[in-house]
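Inspection log for the structure reproduced underneath, given as structure tokens.
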Amino acid sequence: MNTLFKNITSVVPDGAGGFKTIKGDVCVSGELISGVGRVPEGFAADRTIDGAGKLLIPGLINAHTHVYMTVFRNYADDLDFTDWLFGRILPIEDKLVYDDYYWATKLGYMEMLATGTTCSLDMNISINAAPNAQQESGIRAVLSRGLTGGADDPDGGERRLREALEEIETWKGAKGLSFMLAPHAPYTCDPGYLREVAAAADKAALPMNIHLSESLDELKTIREKYGMSPPEYLDSVGVLRRDTVCAHCVHLSESDVALMAARGVSVASNPVSNLKLGNGTANVPAMLKAGINVAIGTDGTASNNTLNMIREMSFMSLLHKGAHGDASLVSAQETFRMATAGGAKALGLEGVTGEIREGLQADLVVLDLDKPWLRPHNDLIASLCYSMNGSEVELTMVAGKVLYEKGEFLTIDAEETVRRVEASCDRLGTRR
Ligand code: NI
């Protein structure tokens, strides 16, 4: 299937580390972008999409989420982090069964596709539910089973790691799917367990992702137990690596930032989740200044409560200006990079997705520019961060295949998905 986006405005790299818009044809041959601003020789379109009044962007990349948590949307609000996690979320997670995970993940994918996200790094706790949902929906995903373990639960930790490795083996080579190992957090994994997970990551050549320095409680706990900051603790057990993605990183000292920059980790910053759970504001400007690759995540819908990356980009752009009293911080250009190429780099998908460039996977989103709140068209990259809300998404394509168009989901039975997730909530008793 070849698609021609005819004379469309596209956001492309400007060759100097930023982005610019160009107007022209964009061609997709099979799964790949085959022409940007030109039609390659011999190209014949099966479908032509008129680009008038539209903006083409690379699919957005959600670098930290828990997709199955759509089932908990608006279930545990207005609680502080510790009460939220240990009082509400962990107890009800014990009641989830395969079908709950599977349908809630599909609902999450619907929301992502409808708001322009084509790829996510998902920390989940089911086995095979997320890969099945991902394969059927056609969205791109990096999946990881959250791992907790240590001396107080040696068998549980071993089992979870074994199940994660088996799941990865089962889905080897599946289209649009890759995996990481995901030790959950410094406060849910002891040093022995973290070393073991890091050794398993080495053996299987897998990247890792982990929650880090999310709350002040975590800092206190890790300092009391190990006499270190959470990043120092992870470094002492070999978890801070070039291919590790650290989510949140709200509370970092200057030396933590320097350590993480030296180790080359990526950070997935989650501004809305950090605000909602009262955890604070990550010092993203300091991370960017130190040269850390920063990506953007929404976290799960129990702490956001959406998977809408356009909304998240807006918060990312605005938050740091207010927090630091400096309107020049975290520009629209920087935020756009974090939501696209920065996410791809964090997820090990650099050169695969995250840019409109010939040879990359055709993970593309068409936005309708004919909205009153987007007029006049002065700076469309600024518009993405400061004016859009996600409702402008008209078409979402992953690997050259249209998965969402004008309210219709082409690979997901939307009605059944919603019905099944509502049925899960009935069974779980999550309604107020
Ligand atoms: Ni999280």
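The values are calculated or read from the model by the stated rules, or taken from the named source; none is laboratory data. Worth saying up front: this structure is predicted, and the values here are computed from it rather than measured. Neighbour counts are summed over all protein chains in view; Cβ atoms, including those assigned to glycine, are modelled from backbone coordinates with ideal geometry.
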Determine which single condition LEU364 fails, assuming it passes every other condition in (1) of a type outside the set (D, E, K, R); (2) outside the structural domain of SER273 (by TED's automatic domain parsing); (3) within 16 Å of the ligand (Cβ to nearest atom).
(3)
Please go through region 231-249 and pick out each residue that is at negative phi and touching an Asp or Glu at 6+ places or on another chain (Cβ under 6 Å).
PRO231
Just to be sure, is GLU41 free of Cβ contacts under 8 Å to residues at least 24 places away in the same chain, more than 16 Å from the ligand (Cβ to nearest atom) and either more than 26 Å from ASP379 (Cα to Cα) or buried (at least 17 other Cβ atoms within 10 Å of the Cβ) (or both)?
yes
Looking at region 274-304 only, could you name the residues that are of a type outside the set (A, V, I, L, M, F, W, C), in contact with a Ser or Thr (Cβ under 8 Å, 6 or more places away or on another chain) and not in a loop (DSSP other than H, G, I, E, B)?
ASN274, LYS276, ASN293
Going by the structure shown, is GLU334 in a helix (DSSP H, G or I) and within 16 Å of the ligand (Cβ to nearest atom)?
no
Conditions (1) without any contact (Cβ under 8 Å) to a residue 60 or more places away in the chain; (2) surrounded by fewer than 14 Cβ atoms within 10 Å (Cβ to Cβ): number failed by GLY30:
(1)
Condition (residue is crowded, with 24+ Cβ neighbours inside 10 Å, more than 19 Å from ALA341 (Cβ to Cβ), in contact with a strand residue (DSSP E or B) (Cβ under 9 Å, 6 or more places away or on another chain) and not assigned by TED's automatic domain parsing to the domain that holds SER391) applied to region 276-286: is it met by at least one residue?
yes
Quick check on ALA323: is it in a helix (DSSP H, G or I) and either modelled with pLDDT of 95 or more or within 16 Å of the ligand (Cβ to nearest atom) (or both)?
yes
Tally up the residues in region 185-208 that are under 21 Å from the mean Cα position of the chain (by Cα) and over 16 Å from ASP243 (Cα atoms), please.
2
Assuming SER314 fulfils every condition listed in (1) within 16 Å of the ligand (Cβ to nearest atom); (2) under 23 Å from GLY17 (Cα atoms) apart from one, which condition is it?
(1)
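A quick yes/no check of all residues on (1) among the acidic types (Asp, Glu); (2) modelled with pLDDT of 95 or more; (3) over 29 Å from LEU259 (Cβ atoms):
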position	(1), (2), (3)
LEU318	no, yes, no
ALA346	no, yes, no
GLU358	yes, yes, yes
TRP373	no, yes, yes
Kindly provide the set of residues from region 193-226 that are more than 14 Å from the ligand (Cβ to nearest atom) and charged (D, E, K, R), ordered by number.
ARG195, GLU196, ASP202, LYS203, ASP217, LYS220, ARG223, GLU224, LYS225
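Let's see how each residue does on (1) touching a residue at least 60 places away in the same chain (Cβ under 8 Å); (2) within 16 Å of the ligand (Cβ to nearest atom); (3) among the hydroxyl-bearing types (Ser, Thr, Tyr):
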position: ALA261; (1), (2), (3): no, no, no
position: SER273; (1), (2), (3): no, yes, yes
position: LEU288; (1), (2), (3): no, no, no
position: ILE296; (1), (2), (3): yes, yes, no
position: MET338; (1), (2), (3): yes, no, no
How many residues are under 29 Å from SER331 (Cα atoms), crowded, with 21+ Cβ neighbours inside 10 Å and of a type outside the set (Phe, Trp, Tyr) if we restrict to region 10-27?
3
Is it true that some residue in region 103-112 is out of contact with any strand residue (DSSP E or B) (no Cβ under 7 Å at 6 or more places or on another chain) and more than 30 Å from LEU384 (Cβ to Cβ)?
yes
Mind telling me which of the residues SER253, SER236, SER229, SER266 ends up being of a type in the set (Gly, Ala, Ser), within 16 Å of the ligand (Cβ to nearest atom) and in contact (Cβ under 8 Å) with a residue 24 or more places away in the chain?
SER266
Could you say whether any residue in region 83-103 is crowded, with 21+ Cβ neighbours inside 10 Å, of a type in the set (A, V, I, L, M, F, W, C) and away from the ligand (no atom under 16 Å from the Cβ)?
yes
So, of the residues in region 340-384 that are in contact (Cβ under 8 Å) with a residue 60 or more places away in the chain and of a type in the set (Val, Ile, Thr), which turns out to be farthest from PRO40 (Cα to Cα)?
ILE381
Can you name every residue in region 263-273 that is aliphatic (A, V, I, L, M) and in a loop (DSSP other than H, G, I, E, B)?
VAL265
